[in-house]
Amino acid sequence: MDLDLRNVTFEQFLRVVFDHDPEDEVDNKWFWKEEYDVQIDPQRFLDYLTQVCMRSVDVLGAFTVPQVCEGLEFIFCGPDATRRLEQLWNPHVPWQERRACILAIPLLYSQIFERHDDAGCGFMLWDWIAYGYESGTKNPHRDPEEARVQDAMFEALRGMLASSHTETQAAAIHGLGHLHHRESNRLISSFLSSDRMIAPRVRSYAGSVLEGDFR
């Protein structure tokens with residue numbers, strides 16, 4: 001089934017992505033019930049994603065928290081998600097627009113995930129975004145484009161790690177593990193050695209990530 005998002009307005013985009021009855025079972029979620037061929041315009045898609053992140057309190061206010069989480073799951077891990085997220089590395093989209101989108105993603109935590117205990121998809125978000133660096137499909141040592149995207153993601157995650165919110169810290173550590181940035185382990189180690197109050201669960205998880213276990 002075709003899902004053409006190339007020429008939709010921002011308001012139409014919001015309705016298509018978020019205006020659904022949320023389901024707990026993965027196979028029952030609207031975007032897995034049918035096989036979707038999702039068509040996007042790269043620059044328009046990243047612009048809309050940036051707006052969702054930067055203005056989430058305002059633009060997502062009409063939807064319930066479960067609807068928001070399910071819509072974000074569609075964007076970041078639903079059908080054709082790899083192709084959508086690939087636009088972050090698309091050299092045909094101006095770099096400043098791609099970088100702005102990456103740096104806006106942490107706002108989902110401060111504006112959505114930290115305000116609602118049932119907003120549970122935040123932990124996996126950076127796993128979906130940065131997994132290519134762990135799997136080896138992204139090689140920052142060989143490709144300058146992949147290197148600067150990795151650096152921007154590291155900057156975003158570093159800001160998240162400065163949060164006082166336990167779940168945001170855990171999500172940042174999870175993302176730093178998958179990102180495989182040259183400074184990821186140093187940043188996590190510095191976080192652990194700081195004089196900040198760190199929840200035992202987060203401290204334990206950070207130690208596991210340093211040992212290579214990102215679960």
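The values are calculated or read from the model by the stated rules, or taken from the named source; none is laboratory data. Note that this is a predicted model, so its numbers are computed, not measured. Here the Cβ positions follow ideal geometry from the backbone for every residue, glycine too, while neighbour counts run over all protein chains shown.
Some points to look at:
- Residues located in region 184-206, provided they are in contact (Cβ under 8 Å) with a residue 12 or more places away in the chain, of a type in the set (A, V, I, L, M, F, W, C) and more than 15 Å from residue 160 (Cα to Cα): 199
- Filtering region 174-207 to residues that are hydroxyl-bearing (Ser, Thr, Tyr) and in a helix (DSSP H, G or I) leaves 184, 189, 190, 193, 204, 205.
- Any hit, region 41-53, residues being outside any helix (DSSP H, G or I) and either touching a helix residue (DSSP H, G or I) at 6+ places or on another chain (Cβ under 6 Å) or within 21 Å of residue 100 (Cα to Cα) (or both): yes
- Comparison of 169, 150 shows that the only residue that is at pLDDT 95 or above, within 26 Å of residue 92 (Cβ to Cβ), in contact with a helix residue (DSSP H, G or I) (Cβ under 8 Å, 6 or more places away or on another chain) and not assigned by TED's automatic domain parsing to the domain that holds residue 52 is 150.
- Sole exception among (1) in a loop (DSSP other than H, G, I, E, B); (2) closer than 25 Å to residue 92 by Cα; (3) in contact (Cβ under 8 Å) with a residue 40 or more places away in the chain; (4) not β-branched (Val, Ile, Thr) for residue 134, by number: (1)
- Checking residue 62 against (1) out of contact with any Pro (no Cβ under 8 Å at 6 or more places or on another chain); (2) part of a helix (DSSP H, G or I), the condition it does not meet: (2)
- Residue match in region 109-119 (condition: closer than 17 Å to residue 167 by Cβ, of a type in the set (Lys, Arg) and out of contact with any Leu (no Cβ under 7 Å at 6 or more places or on another chain)): yes
- Scanning region 137-173 for residues that are without any contact (Cβ under 8 Å) to a residue 12 or more places away in the chain and part of a helix (DSSP H, G or I) returns 144, 147.
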